[in-house]
Amino acid sequence: TDYSVTYAGFTICSGGVATRAPSRAPTRSPTRAPISPTAYFAVTAANPSATTCYTTSSGTCFTDGPGSHANRETCTIRVLRSTVLRVTQFQTENCCDRLTVNGRSYGGNTGPANVAVAAG
C-alpha cells in the first residue's frame, strides 16, 4: 500500500502440492536469502532496499508486510514448488496495489484463492 491509503495488505501461503499446476517455462531470478528446502516461495524486490515483500513460515507463505509502503514498490514472488495458493489475508487498495498471478491481476478484497501455480 502506498502512503495515501493504508489497507491490511496480503498474506498468501501454500495450500499444499498442486495436483495439476499450469505449465510455463522456468525463469531464473536471484534470491535475497538462503532458501529453505521446504520453501514454496522466494521473493526478490525490484529495489534492493525495499522491504515490501518477504517470505514467512520458512518460505511457505509470502506477505507484503505490515504498515504503509512507498509508491511504486514492486516485488517478484518466485514459485519454487508447484502448489495451490491459500489466501490468509487480502485487502489492498483496488486502484493501485495489485498482485498478478498467472497473468490475472488481483486487488481490493479479492485475492488468488485456490489458484494453482507452477514452479519456475
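In the range 103-120, which residues are touching a residue at least 40 places away in the same chain (Cβ under 8 Å) and under 12 Å from the mean Cα position of the chain (by Cα)?
Of everything in the range 103-120, those that are touching a residue at least 40 places away in the same chain (Cβ under 8 Å) and under 12 Å from the mean Cα position of the chain (by Cα) turn out to be GLY111, PRO112, VAL117.
Residues in the range 89-98 that are closer than 11 Å to THR11 by Cβ, surrounded by fewer than 20 Cβ atoms within 10 Å (Cβ to Cβ) and of a type in the set (A, V, I, L, M, F, W, C): how many?
0
Taking strands (runs of 3 or more DSSP E) that fall entirely within the range 1-108, which contain at least 2 residues that are of a type in the set (Gly, Ala, Ser) and at pLDDT 75 or above?
Passing ranges, in order: 9-17.
Would you be able to tell me the number of residues in the range 68-88 that are open to solvent by 40 Å² or more (accessible area, probe 1.4 Å) and either aromatic (Phe, Trp, Tyr) or farther than 20 Å from ALA42 by Cβ (or both)?
Residues meeting the conditions: 3.
The values are calculated or read from the model by the stated rules, or taken from the named source; none is laboratory data. Computed from a prediction, not measured in an experiment: that's the story for all the values here. All Cβ positions, glycine included, derive from the backbone under ideal geometry; neighbour counts span all protein chains shown. Surface areas here come from the heavy atoms of the whole protein model, side chains and all, with no ligands, DNA or RNA. Shrake-Rupley method; radii C 1.70, N 1.55, O 1.52, S 1.80 Å.
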